[in-house]
Every structure is written in C-alpha cells, then in structure tokens.
Amino acid sequence: MAEVDFADVCVRCGSCLRACHIFLATGRRHHAAAVKIRTLRKILKADVGNDADRFYDYAFECTGCRRCTVLCPFSVETASYVSRARGLLTSSGRYPSTLNELAETQIMKGENWERHLRMFRLSIEMLENQHSVRIPVQKEAEILYVPLQGAHTIVPAARIFNAVKESWTLSIFEASVFAFFLGDMERVKKTVERIKEEAERVNAREIVITECGHAYRVYRFLFPRWFGRDLKVRSIVEVVTEYLKNGEVEVKSTLKEPITYHDPCQAGRNGGLIDEPRFVLREIAEDFREMNPGRELNFCCGGGGGLVAVPELKELRLKAGKVKLRQIRETEAKIVSTICENCKTQLKDLKEHYGINYRVAGVTDLLAECI
Ligand code: SF4
Ligand code: SF4
C-alpha cells in the first residue's frame with residue numbers, strides 16, 4: 001500500500017496555526033505547519049543537494065510536539081516530515097553542531113564503556129557519601145535504571161528503590177538519545193543498543209528510564225521493534241506509581257505550596273504518560289492545580305525537539321515559551337512539576353529570563369522528599 005502523503009491530505013483549514021506555540025509567538029510563515037509540510041516534501045522527494053540551507057529552519061525550528069496533529073481534522077503528521085527532513089539534512093552534513101557532537105560522544109562512550117567504568121564508579125561513590133544513599137553500579141539486578149547526567153536524576157530514584165528494597169542497579173550510560181533530534185535512526189539504534197547490552201550483562205529483566213520525554217518514547221516504542229520484547233521498558237514514573245498503588249512506599253509528609261504539572265509532549269501526548277504523574281502528585285500535594293489546556297492538549301514548553309541543546313535557537317525557544325509561561329502564571333502555582341529533562345531546563349530558563357518565581361521539580365524528586 002502506498003504511503004499517505006499528508007501534504008496532499010492537508011486542506012489548508014488553518015487549525016494548526018493556533019495549535020503551534022512557535023507560530024503563536026512569531027507569526028512567521030515557516031513556523032506554520034501547513035507551509036512546513038509542503039516545503040519539507042520537496043526535500044523528501046528530491047536530493048537536497050546544495051539547497052540544504054533553504055530547508056534548515058523549516059526542519060529545525062519545530063519542537064516535534066505534535067500539538068498541530070491532534071488539532072488537525074486530518075491528523076496531518078507534521079513531526080514526521082520534520083524528523084525525516086532532519087535525517088536527510090544530517091546525512092548531507094547540515095545539522096546543529098552541538099547535537100551532532102553529543103550524538104557522536106554517546107556512541108563513542110558505548111564503544112569504550114570499560115574505560116569509563118572506573119571514573120564512573122568513583123563519582124557514584126562520592127554521591128553515595130554526600131547523600132548517604134546506596135547506589136549499586138553494574139551489579140546483577142532485576143532492574144537496570146538509566147539516569148541522565150546529574151545527581152538529581154540518580155539520588156531521588158535511589159532513595160525510592162532502596163525504600164522498597166528493589167533489586168536494581170545503575171546504568172553507566174545516560175538515557176538521552178541525541179541522534180533522535182537529528183532524525184538519524186541508524187545512530188539512534190546504536191545509542192540504544194549499548195543499554196540493551198548492558199542490561200544483558202547485569203541480567204536485568206527490565207529497563208527503567210529516568211524522567212526524560214524523548215528517551216521514554218525511544219525506549220518504549222523503538223527499542224522493542226529493534227530488539228524484541230524480552231526486556232520490559234518503563235519510565236521511573238510508572239514504577240513509582242505502582243509502588244504507591246501497592247502501598248509499598250508510605251507518604252510521610254505532603255507539599256503545602258500550590259503545585260501544577262506540565263505534560264511533556266513526548267512523554268504525555270506522544271507517549272501516553274498522562275495519569276501516572278498526576279496520581280503521584282495528588283498523593284503528595286495538598287493543592288494540585290491543572291493547567292488549561294492540559295493533558296493531550298497541553299502546550300509545548302518550547303524547548304523540545306532538542307532545541308534546549310542548540311545555543312543558536314535559545315532566543316527562539318524563550319519566545320516560543322511565552323505560551324507555556326502564561327499557562328503557568330494562570331495557575332499561580334509555586335512549584336511546576338514535570339517528567340522531562342528538556343522541559344525542566346526550558347522551564348528554569350523561562351523563569352529566569354522573564355523573572356517569574358516558581359520552583360521546577362521532577363515528580364520523582366518530589367515523591368522522594370515526601371517518603
Ligand atoms: S490543520 Fe491540518 S488540514 Fe488544516 S491546514 Fe493544518 S495541516 Fe492542513
Ligand atoms: S509539531 Fe509542534 S512545533 Fe512543530 S509545527 Fe506542530 S505544533 Fe508547531
């Protein structure tokens with residue numbers, strides 16, 4: 001069966017214009033989904049050759065949030081054009097250099113992991129001493145927990161795992177997959193494969209991904225397609241929700257300040273993690289406030305699609321984040337919680353740039369504070 005070309009399906013109704021936080025912030029033609037797909041179709045149908053620069057902004061100035069898709073009467077998949085166009089641009093040597101360097105570094109680390117192990121163990125021992133928490137590294141265990149760079153993605157999860165006496169061990173790699181933002185599926189697979197091999201080394205039956213939107217999508221949906229379903233994949237948020245529901249962790253204190261929740265596009269709208277974080281927050285917060293709109297229709301923070309890692313796009317993402325900032329202000333919350341590292345960085349940058357006072361915290365971090 002021939003593949004649907006969504007650019008032919010689009011009737012130019014314009015519903016996607018008000019759906020897109022970037023178009024709302026800039027009003028620029030190349031940020032309109034209907035224009036974007038027609039333009040990117042050209043790059044997908046022909047050899048981009050020396051024309052790459054003409055398509056670059058169409059492909060990389062989009063967070064791949066898919067809000068335009070859920071509000072389009074024909075579900076036109078703009079993000080899929082963007083991803084395929086990014087892949088073609090990348091293969092022709094036109095990409096944001098930081099994303100490419102990060103993607104390369106991840107692959108090199110996968111190929112030379114034994115060289116990193118000693119230093120990694122030392123840094124984790126320091127964390128254990130600083131935070132008085134046990135953190136097993138590359139030990140045989142049921143769960144291989146994959147963090148990101150930074151203690152904040154390790155210590156709260158360690159406290160919860162230890163509280164329920166879970167059989168777990170820490171991955172020496174990070175969950176993020178930078179090649180995903182380049183639409184480079186070959187390198188995505190290579191990056192993911194290093195976690196599969198590590199899980200086999202420690203005899204894990206499950207891979208648990210830290211709070212990270214795009215990583216959740218990659219591991220939850222692409223990993224089984226490439227490597228089968230023998231290894232279960234879940235987000236840490238699904239795991240802690242189960243602990244709470246089973247009564248395995250006890251909430252000993254609650255949060256008094258008003259708290260709201262930002263649905264990350266990749267984990268929520270595109271990954272299905274919508275009820276789990278709310279369940280946890282309602283267990284620990286005395287004053288939980290929803291954003292409007294929320295859940296599947298939540299606005300992107302402006303930092304997704306790898307934009308937070310591209311310095312030259314900072315101005316654009318701060319501008320595009322104004323819609324999110326308005327949503328946060330309307331709730332009058334003092335804590336903004338979310339389950340994606342990209343979103344956390346963007347939400348912190350927004351509060352600093354626009355001088356708004358709120359704390360940004362992960363759902364797992366907040367739960368760890370309350371048990
Ligand atoms: S909402 Fe869908 S059909 Fe309407 S203009 Fe946008 S992409 Fe085309
Ligand atoms: S995927 Fe998101 S950022 Fe990209 S055009 Fe659609 S609404 Fe805008």
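Give Leu297, Leu316 a once-over and let me know the one that is buried (at least 19 other Cβ atoms within 10 Å of the Cβ), over 19 Å from Phe180 (Cβ atoms) and either within 16 Å of ligand 2 (Cβ to nearest atom) or of a type in the set (S, T, N, Q) (or both).
Criteria check complete, one pass: Leu316.
Considering each residue of region 50-62, count those that are in contact (Cβ under 8 Å) with a residue 24 or more places away in the chain and either within 16 Å of ligand 1 (Cβ to nearest atom) or more than 23 Å from the chain's Cα centre (by Cα) (or both), and give that number.
Within region 50-62, residues that are in contact (Cβ under 8 Å) with a residue 24 or more places away in the chain and either within 16 Å of ligand 1 (Cβ to nearest atom) or more than 23 Å from the chain's Cα centre (by Cα) (or both) number 5.
Any chance region 37-49 includes a residue that's in contact (Cβ under 8 Å) with a residue 24 or more places away in the chain, near ligand 1 (Cβ under 8 Å from one of its atoms) and under 27 Å from the mean Cα position of the chain (by Cα)?
yes
Quick one: is Ala25 among the small types (Gly, Ala, Ser) and either near ligand 2 (Cβ under 9 Å from one of its atoms) or more than 21 Å from the chain's Cα centre (by Cα) (or both)?
Yes, satisfied.
Suppose the filter is under 30 Å from Arg295 (Cβ atoms) and either modelled with pLDDT of 90 or more or not assigned by TED's automatic domain parsing to the domain that holds Asp263 (or both); does Ile22 pass it?
Yes; evaluated as a whole, the condition is true for this residue.
Of the numbered conditions (1) near ligand 1 (Cβ under 8 Å from one of its atoms); (2) of a type in the set (Ser, Thr, Tyr); (3) in contact (Cβ under 8 Å) with a residue 60 or more places away in the chain, Ser15 satisfies every one except a single condition; which is it?
The one condition Ser15 does not meet is (3).
In region 299-316, how many residues are of a type in the set (D, E, K, R) and in contact (Cβ under 8 Å) with a residue 40 or more places away in the chain?
1
Of the residues Ser171, Ser80, Ser91, Ser97, which is within 16 Å of ligand 1 (Cβ to nearest atom) and either buried (at least 17 other Cβ atoms within 10 Å of the Cβ) or over 30 Å from Leu244 (Cα atoms) (or both)?
Ser80
Let me spell it out: the conditions are (1) open to solvent by less than 20 Å² (accessible area, probe 1.4 Å); (2) over 13 Å from the mean Cα position of the chain (by Cα), and Lys245 meets all of them except one. Which number is the exception?
Looking at each condition in turn, Lys245 falls short on (1).
Please go through region 139-155 and give me each residue that is assigned to a helix (DSSP H, G or I) and open to solvent by 20 Å² or more (accessible area, probe 1.4 Å), ordered by number.
Matches in region 139-155: Ala151, His152.
Looking at Glu315, Glu296, Glu352, Glu341 in this structure, which one is among the acidic types (Asp, Glu), farther than 17 Å from Ile259 by Cα and in contact with a Cys (Cβ under 8 Å, 6 or more places away or on another chain)?
Selected residue: Glu341, the only one of Glu315, Glu296, Glu352, Glu341 that is among the acidic types (Asp, Glu), farther than 17 Å from Ile259 by Cα and in contact with a Cys (Cβ under 8 Å, 6 or more places away or on another chain).
The values are calculated or read from the model by the stated rules, or taken from the named source; none is laboratory data. Predicted model, so just to flag it, every value in this text is computed and none were measured. So basically every Cβ, Gly included, is an ideal-geometry build from the backbone, and we count neighbours across all protein chains shown. The protein model used for the area step is the full one, side chains on, heavy atoms only, and it has no ligands, DNA or RNA in it. Shrake-Rupley method; radii C 1.70, N 1.55, O 1.52, S 1.80 Å.
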